[in-house]
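Working notes, structure below.
What follows draws every value from the coordinates through simple rules; no lab data is involved. This one's a predicted model, so the numbers in the text were calculated from it and none came from an experiment. Heads up, the Cβs are rebuilt from the backbone with ideal geometry, glycines too, and the neighbour counts pull from every protein chain shown.
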Amino acid sequence: MNEDKLFLQDNLSLNKLSESISESENHISETLSQFLHTKFFQFVNNFRVEEAKKALQDSDKLVTSIAFDVGFNSKSTFNTAF
């Protein structure tokens, strides 16, 4: 996630992550649940929120533009995650 910034893809899914890192969806899901106590979209959205925080400090862009830039599909999803 940090190196390739996969979270910036607005269409990122568990399946796409699975293909990208050559791990089964089940393994990823179980690992997130057992070791990080989170679900896939919460995990991804945490990266997006952190990226948004940086952009909000370093940019004059509208909040909505930043939300879409960091991978959120809607303003309401961004607001909920943030």
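Annotations
- Between 0 and 90°, nearest 10: helix 40-58 axis offset from the chain longest Cα axis: 30
- Cross-link pairs exceeding 22 Å between alpha carbons, from the set Lys16/Lys54; Lys16/Lys61; Lys16/Lys53; Lys5/Lys61: Lys16/Lys54; Lys16/Lys61; Lys16/Lys53.
- Rounded to two decimals, the Cα radius of gyration of segment 6-81 over 2.2 N^0.38 Å is 1.17.
- Counting charges near Leu32 (Lys, Arg +1; Asp, Glu -1) among other residues having Cβ under 13 Å from its Cβ returns a value of -2.
- Taking 0.36 nm per residue of separation and subtracting the Cα-Cα distance, full extension of the segment from Lys75 to Asp58 would add 4.2 nm.
- Taking the longest Cα principal axis of the chain as reference, the axis of helix 25-36 is set at about 70 degrees.
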